[in-house]
Every structure is written in structure tokens, then in C-alpha cells.
1. Any residue that is within 24 Å of B:C183 (Cα to Cα), modelled with pLDDT of 95 or more and open to solvent by less than 10 Å² (accessible area, probe 1.4 Å) - is there at least one of those in segment B:94-104?
2. From the set of residues in segment B:396-411 that are among the aliphatic types (A, V, I, L, M) and open to solvent by 10 Å² or more (accessible area, probe 1.4 Å), which is farthest from the chain's Cα centre (by Cα)?
3. Residue check: is B:A280 open to solvent by less than 20 Å² (accessible area, probe 1.4 Å), touching a Gly at 6+ places or on another chain (Cβ under 7 Å) and hydrophobic (A, V, I, L, M, F, W, C)?
4. Tally time: how many residues in segment B:355-371 are surrounded by 17 or more Cβ atoms within 10 Å (Cβ to Cβ) and at the interface with chain A (Cβ under 7 Å from one of its Cβ atoms)?
5. Provide a single number: the residues in segment A:48-77 that are under 25 Å from the mean Cα position of the chain (by Cα) and facing chain B (nearest Cβ under 9 Å).
6. Which members of segment B:46-105 meet the condition of being aromatic (F, W, Y) and within 14 Å of another protein chain (Cβ to nearest Cβ)?
7. For B:L374, are the conditions met, namely being crowded, with 19+ Cβ neighbours inside 10 Å and either assigned to a helix (DSSP H, G or I) or among the basic types (K, R) (or both)?
8. Among the residues of segment B:85-117, which ones are assigned to a loop (DSSP other than H, G, I, E, B) and charged (D, E, K, R)?
Amino acid sequence: MSVDTSEVRRIAHLSRLAMNDDQARDFAGGLSDIFAFVEQLDGAAIEGVEPMAHPLDAEQRLRPDAVTEPDRRDAYQAIAPAVEGGLYLVPRVIE
Amino acid sequence: MAQETLSGWVRKLQAREISSRELTQLYLDRIERLDPQLNSFITVTAEQALAQADAADARLAQGEQTPLLGVPIAQKDIFCTEGVRTSCGSRMLDPFVSPYNATVVERMNAAGAVMLGKTNMDEFAMGSSNETSFYGPVRNPWDTERVPGGSSGGSAAAVGARLVPGATGTDTGGSIRQPAAFCGITGLKPTYGRVSRYGMIAFASSLDQGGPMAATAEDCGRMLNAMAGFDERDSTSVERPAEDFTAGLNQDLKGLRIGLPTEFFGEAGLDERVRGVIDAAIEVLKGRGAEVREVGLPNSHLSVPAYYVVAPAECSSNLARFDGVRYGYRCENPEDLMDLYTRSRGEGFGDEVKRRIMVGTYVLSAGYYDAYYLKAQKVRRIIADDFRRAFADVDVLLAPTTPELPFALGAKADPVSMYLSDIYTIAANLAGLPAMSLPAGEIDGLPVGLQLIGNYFDEARLLGVAHQYQQETDWHTRVPAAFA
């Protein structure tokens, strides 16, 4: 399968990656090669095979519903790009 | 001096022949003098290391004998270290000073290890040459015009040049074993779930596994003893009793059944000289009593294509957390929230990371899930089933680690040719099996790695086979001339 520049831009948007036309053109060849490469899977004998999500087929472990983590809000907010009054700041969303 | 192994240093420290401070200073001096040729460290934590060394010396004076007490190590910059920049090789995390320690870091601190710093790596562990790092490529100590492999290339180069006696790595598709092979050291990827992923920045969560990298199998066993163990903070951590991974070192090889997967020897692309090295290693193991037979892994040719669906899918999901809001890189003057997200990510990630996020986003997008992701998950099962059948007849599998010698910087410009350098390592990740690489020869002054793949939880046996091989050979003792 091959992807063109507009398809690359569509995937970039879904991926939340800013990308101009020149950059999209640069990615198109590599992405087309990768999609062509993974098409080898089409020949696999997988009729009736159960998909494998975990190497040991482990079940999700559950724990008691109890508080185990301390409040470290200050430490976590100290490394944020912009905070004010205990809140993370982003550009205005609602006018 | 630089020849001494991690295990040798532990013995010398316990015998009080050298203090941890002296040893730490010795390696810090080597890093300062020699690392400019390699770029294997992103961050050197000299002051903290000396403080840790003094604390270790005080504990040694009390007669304490914890497994890594006073011995210098390095952490791959994918493991979160409290108060120390944890970049993951990316501009995105260049400003990130972790507020907490990874479990691996906690456990190694508790075992008394002295951290010298954080090693360079491919960005977010995505690469096989260490050329995708935001901090510039790492160079191979055996030939600085060549790559050290990746993604744990900084750890491999640092240990190969003896700038540190041991370092951690992570292996999602070969990222411990391939650089270990390229830099002439020993590295082990444990069974999936052995080593906690808590605080290990996620790439592909169903494949990622941390492990040790050092000169010898004994060193790796000693490090793994400190690193491994159940952790309730990692939901995929395996609940098993603690195990001594050095317990099998002195087990002789009489009657050991070694399988040679025909597919790993027959395929085009295997350098004949590499094959010659592997054949010679097989003879050494036979000489110590091992029995060798061929086995089939008929679906192994599907490993790399399956991996390049599963790993990007998981990566696109894991890396969605980097949004420019809570930590890490944020673009200047965002116009609105969408601009904040897309430009922070567009400017913060490098090209290979973007490529994999886009592949993952595409294969998971509406209408394509069955054609790609579900199919790859099914292929993953038939690959794992091949191994199960093989291990019914043999105890370990033996193969080359890589099809070729360390390549020149810039030699693999197109993504798919780079991906194929992991052709022999990826299957073990898909199946979740333990696997290791150890030095087994040299061609034109470049090291060649031998790969051993074990059954689930059989790390002690793998390390034992490697140790027995290292009793008979001296490849693991060789240091590149410029760093001797």
C-alpha cells in the first residue's frame, strides 16, 4: 500500500503532529515502504488463531480498592510548563 | 584496571581492597577523558555518585554485603531517576526532571549500586543504531565511524569501552542484545514480566523489558538479582518467588540440548563470516558436552512485519500522553489548544518517533484494526507456538544475534532496512521469552554476538550456558585498544 501527501497529513492530524506539506512529502515514501513491508502478514496461516495480547496470557491483576499513593501534587506541578493556583494552564478553550 | 569485571569489583570492595569512592572516581575520570569520543552519556551525575559511594563505604565498613554495594553502574536514560533529568533521548523530555524513581532504580539503589549517570539511547528507544537520539549519535568504541547498535547504544558503548562496569538497558525488539553484540559485551533480556516496567518510559508495553548489560554472564546474573522481582506498581509484573540468577553458573553442559533454528541460519542476509563465528561457538559448547540439533521456527519470517504493527500501535497509544500540558516540552505561543498539542508534539518528537506514531495511529484507525492489528496479534501467537514446540525438544536455542557486523553511521537511511537489523532478535520479544547476547568472536576488529534464547523463566540456565562458554573463551575480556 502506498500513501500520498494528503493521506500522510490526515494521519498526522489524527496523531496530533503538526506537519506541513514538505514534511508530509518526506514521510510518504518511508510510510509507504513500511505499509508494503507489513503486507507480508497477509500470507500467514492464522485461520482460527486466538489473538495474543500478552506473552504469558496473564489475567489483569486486581488490588483492593484502597488509597495507596500519597498526594504529590506540588512535586508534579513543579515540572509543568505552566501552572497557576494549582491548575495546569492551557490556551483559552471557551470564549 | 579497566579490565576488572563488575563481579570482580564487588569482591574487591567487600575485601576492602578498594573503596567505593576510589572506584567511583576512577570511572568518573574515564568518562570525562574518554566519553567525548563516544557520546555514550547524556547526563553524568558525578556529585551524587560520590555521595552514594561514601554512603556505600560506610555500609561496607559495617560489614554489609548487599549484592551491588559500592559498585558503579549507569542507567539507560529511559529509567526515571528522581531529581535527575530523564530525557529518553528526546527533545520532548529534555526539560523533564523526574519526580520519582523507577522500580529498577529503587532496587539497584537498595542493592548499593552507585549511579554514575544516564546513558544515551535512540529517541524513546525507537532505533537500532542510536542515531535517532536528540543528543546526537553514540559511536562504537571498536570503530568510532560505526554505530553501537540501539536502542541501548549508550549503555553498550559505555560498557564496551569500560567507562562503567555495568549498565541497564531495555529491549522491545532487540535493544539490549543487538547493541551488546555490536559493542562486544554480554546483555540479557529477561522473560516478559520479570523486571518491573514502573518508571521505565513506555514504548510498546506488551514487549518492553528491562535487563542488565555488562562484560560477563556472571555480572548480568548479579545485576538481574538486584533488578528483577514482583512489583505491584506494574500490572504485568509476574508474581514469582525471588530467584538467584547466578545459581546455574557452574552447571556443566553435559547433555544440554541446544536447538539451532534453521530459519536463523538459512536466510539470505546472514554474513558468512558471522556464520563462521557462530559455528565455532557451537563447537566450543559441543566440546563441553552439549548436544546440538536443528529445530524449525517456520513462522519466524513474519516476526519483523508483525512487530512493525504491534509496536507502533502500542507506541502511538503510549506516546499520546506527551501533550505539552503537564510536563516536558511545550511550544512557544500556542494559538489554541489544538495548536499547543500538535506543535508541542511536532517540535518535540524526532522523525523516527513521528513515523512510528503515524504507523500506529493508522493501523488502529477505524476500518483498519482487523486488517493490521488483529492480524498481527494472531501472527504473534503462531510465532510463540513455534517456540513452544521447539522447547519440547531442546533446552535452549542458539543463533546469531545480528545478521551482520556493526554498520557505518548513516549507512541505513531507509526505515525498513534499519528494521531488518533486528531480524533475529524480535521473535523472542513477541513470544516474551528470555534471550541474551554474548561476545563470540571478532571479524576485522569488530565484535560478533552469539544469541541464546531460553524457555520462559529460564534465565538462570541461559546465564549458566553463557558462563560455561566464557570459561573456555576470552572474547568477553577484550576491550577496544583505544579504551584499554
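The values are calculated or read from the model by the stated rules, or taken from the named source; none is laboratory data. Every value quoted in this text rests on a predicted model; they were computed, and no experiment measured them. Cβ: placed from backbone, ideal geometry, glycine included. Neighbour counts: every protein chain shown. Please note that ligands, DNA and RNA were not included when accessible areas were found on the heavy atoms of the full protein model with its side chains. Shrake-Rupley method; radii C 1.70, N 1.55, O 1.52, S 1.80 Å.
1. yes
2. Among them, the one singled out is B:A411.
3. So B:A280 does not fit the description; no.
4. Residues that pass the stated criteria total 6.
5. The qualifying residues number 12.
6. Narrowing segment B:46-105 to residues aromatic (F, W, Y): B:79, B:96, B:100.
Within segment B:46-105, B:F96, B:Y100 qualify.
7. It is false that B:L374 is crowded, with 19+ Cβ neighbours inside 10 Å and either assigned to a helix (DSSP H, G or I) or among the basic types (K, R) (or both).
8. Selection gives B:D94 alone.
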